[in-house]
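Written below as structure tokens is the structure these notes are about.
Here, each number is a calculation from the coordinates, and none is a lab measurement. Just so you know, these numbers come straight off a predicted model, no measurement behind them. In this analysis, Cβ positions are derived from the backbone assuming ideal geometry, glycine residues included, and neighbour counts consider all displayed protein chains.
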Amino acid sequence: MGGVAELIQRQVDAQMEALEQKLVTEMAAQGREMIGTATAVLADKLGERVQSLERDAASQLRELSRVQESSSLTASQIESAVNAVQDRLSDVIPASIPRAWGPSLVSSQSSAPRTTPPPVRSPRNQRAVTRSCYACPKCNSSDVRPSTPDGFYEYFLGLFFVRPVRCQRCLRRFLRF
Ligand SMILES: [Zn+2]
């Protein structure tokens, strides 16, 4: 009887061993599969995240350019408003003011308003007095067009009818009344 029991026990052991082996193999396969799936999911998630980051960046860029467009619109609106006011006041503003103040505005970028009168002119500057107050300080051309104000300082000066212009001949940019 002991022999039969031993035989049964041995078969059970063998089956258990086989089952164990099968389980280990399946588990290993499943584990590999799970790792593969997890990696794929992770990659998908990362891809989505990267895509949404890219979307965010793109929409932020769009927003930024939209704001820039609207602010340049505002700049041109301010400029045309300043133009209109300047046109109305052009008869009132003495012609000597732009000539006297123009060069100092071109050379000094300090926001402190000039309170002292301009220095005594040299003969070279006296020639400049005779030119038009709209003329370019570099090439003396009077073909200048309004330029978009750049930064708060130039917006601020716009309140005092000082605005940037660009010479159409030499492309020099300068400030004038
Ligand atoms: Zn010029």
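What the table shows:
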| item | result |
| --- | --- |
| E63/V41 FRET efficiency (R0 45 Å; Cβ-Cβ; nearest 0.05) | 0.90 |
| A18-R173 pseudo-label distance in nm [points 7 Å out on the Cα-to-Cβ vector] | 8.7 nm |
